[in-house]
1. Using the Cα centre of the stretch 187-339 as the reference point, and only Cβ charges (+1 on K/R, -1 on D/E), how large is the resulting charge dipole? Debye, rounded to the nearest 20.
2. Taking other Cβ within 10 Å of each residue's Cβ, how do V371, V661, V624 sort, fewest first?
3. Taking a cut-off of 20 Å between Cα atoms, list the lysines near K154, but don't count ones fewer than 8 places away on the same chain.
4. If you restrict to DSSP beta bridges whose two residues both lie in the chain, what percentage is antiparallel, to the nearest 5?
5. Is it possible to state the helix-based mean residue ellipticity at 222 nm for the chain, with each DSSP H run of 4+ residues giving -39500 (n - 2.57), the sum divided by total residues, to the nearest 500 deg cm²/dmol? What is it?
6. What is the ratio of the Cα radius of gyration of the chain to 2.2 N^0.38 Å, with N the residue count, to two decimals?
7. List, in order, the whole-Hz ³J(HN,Hα) value for each residue of the stretch 341-350 obtained from phi through the Karplus relation with A = 6.51, B = -1.76, C = 1.60 and θ = phi - 60°; use x for Gly and Pro.
8. Using every pair of alpha-carbon atoms in the stretch 396-490, split the distances into 10 Å bins beginning at 0 and state the percent of pairs per bin, rounded to integers.
Amino acid sequence: MLRVIHLTLLCLLVSRAGAESWWAFRPLKQGSPPNLPGLKSPVDQFVLSRLRDQGMTFAPKASRETLLRRVFVTLVGMPPTLEEVEDFLGANPEGAWERQIDALLEDPRYGEHWATMWLDLVRYSDSDGWNQDAYRPHIWRYRDYVVNAFNDDKPYPEVVREQLAGDELDGDDPEHLEAAGYLRLGIYEYNQRDVRNLWNDVLNEITDTTGDVFLGMSVACARCHDHKFDDITQKDYFKLRAFFEPIIWRDDLTASTANEKERYAQQMRKWEAATKAIREEIADLLKPYHERKWKSTVDKFPLDIQACFHKPVDERDSLEHQMAYLVARQFEEEGGGPLKNMKKEDEATYESLKKSLATYDKLKPKPLPPVMTATAFDGTHSPTVIPEKSEMVSPGFLSAIADDSSIGSQKSRLSLAKWIADPNNPLTTRVLVNRIWQQHFGEGLVSTASDFGRKGQRASHPELLDWLAHEFVRNGWSIKQLHRIILRSWTWQQSTSHPEARDYQKRDPEEKLLWRARVRRLSAEGVRDSMLVLSGELLDEVGGPGVDEDVPRRALYVKRFRNDNDTFLHAFDMTPGLKSTPQRNETTTPTQALTMINGDYVMERAKAWSRRLQDDERSEHWLVREAMHQAWGRKPLPDEFHSAMTFIETSQGSWTDFCHVLLNSNEFLYIH
């Protein structure tokens, strides 16, 4: 027992030793890469220097076909077509790689693919979660905002400001409110009566996620007590939460400019004038039903919450207003709505009035695009109080990194966003650069991508991480330029095979020294999208509302329900959106094999691909080579081609079966 106490005290002493003692809180080092002759890429100079210290060296460069497939999957999430392969191999090799990278970075599919990384981090879902798991019809605008931000290569500080404080930014850009949809991504229970604790959980989750995503720090441990390992106090936690305390959810705003709103209002006034009498008649008819439902709805809540609802808006504080909002949502969502048990004669009258109203539809303007967002309450902000201590806390930063003198008088979420995205914040650039590196290599230079604290792992190449972070800022916080730096390196272009692999694996079993490329499976979305590319069924449509899984659009656009995890995508480790996920599991399970072998979805893609191939009316030899080339991004070797022809000619195998086999092959499912 004494030993446990001594260890706990030691941990506490270590954690309080000061921010300067922990590498992640120190300022970025402005080091230069080692001067190794013959290497153009600074990335290679850092990596090879470490390898040489261990008596090791790089693997050979991968073949051009392998690299082309790898870069397509890495940047746009799907393999190249045969035409794209032939164009690349037939082009002048001088500068061809750089031109290919630039072309893919300008491809709209780039943003669609890289958005997935961010959506996993912010626990995006198209549904509420919990029991009902209701569909959120407008949250997709946030998803599209993320896609556009990647495609437009928005500087990262701008992205941070728009997501954390889009409602507080100047200007007339509808994207600001769409970006603030970040504040609406948490779980919501549609019939929860204990809305005070529900809202407390929502604010805690926003605080936790913000720490994980933007700072790479697990701040949740400090919610109940000072962090036992990191320099985060309980007061720090609630200072961070205080920035979000005045938030109120908004469903009454639109993603439109001031001019668009004015044109809409002008036309709406014409419609309202023409329909005034009918609308008044409808209002009179529905009034008793609404009054009955309002009373029924409000009476279900605790008395203190009822008091919030009945309080005039201009007398409420932000918490009281949010409580009233949560009550009001249940007016429509719970119990079938106010018109569920309408009298038959009133129902007939109502239908007749609606038909009369519809005759004026030509006057009514097209609705402005609704947006699921949040803003700060205009009135009094409710205080943030540390539980049990009854200590009121003002908004502030993590004391281990910065003091609160730079907040100013506003103490708004915009102040928080500016601090997070300040180039002098030692965490922000390191965390983001590490996330980009992780997507390219399968593991970050810091393997615990959302935990840069003492419970996380140290950087395997700290000098390289800091150099990349400096370059990231120097290049205007451009993620696309960061891609270019990484993709032009020998480190990224290495083969997955190394002549000294047996020896190197003993010395570096986790392959942290980057002496070869990792073999990686396609993501869940990559498997599905690649099959649709081969079958010729993929619809080239960008953005918009989510679709059902059987619609052949990119997996990004398939509706993601938190409680519906029995889907093709979830079998291959897609996240459910319940919590921030910095790195997906990459499992190999019997369920995956059975899904690929016996699943209806895969078989249907094989049939469609088979029909597409045979429409060409070429020889069997040509079709076999074509199919294998399409699936693998390379021409089959002689023994592979011979086996395929044997299957077609002597094993009574159908073309559908042959295509099905290719979809199950490792060459298709894995990136080499």
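Each value in this text was obtained by applying a stated rule to the coordinates, not by laboratory testing. All values derive from a computational prediction rather than experimental measurement. Here the Cβ is made from the backbone with ideal geometry for all residues, glycine too, and neighbour counts use every protein chain on show.
1. 480
2. Numbers: V371 26, V661 17, V624 23.
So the ranking, lowest neighbour count to highest, is V661, V624, V371.
3. Candidates past the 8-residue exclusion: K418, K480.
4. On the way: 12 of 14 bridges.
Around 85 percent of the beta bridges assigned by DSSP in the chain are antiparallel ones.
5. On the way: 30 runs with 341 residues, N = 672.
My calculation for the chain gives -15500 deg cm²/dmol from helical runs alone.
6. On the way: Rg = 28.5 Å, N = 672, 2.2 N^0.38 = 26.1 Å.
With N residues counted in the chain, Rg over 2.2 N^0.38 Å equals 1.09.
7. 10, 5, 4, 4, 5, 5, 5, 5, 4, 4
8. 15, 43, 30, 11, 1
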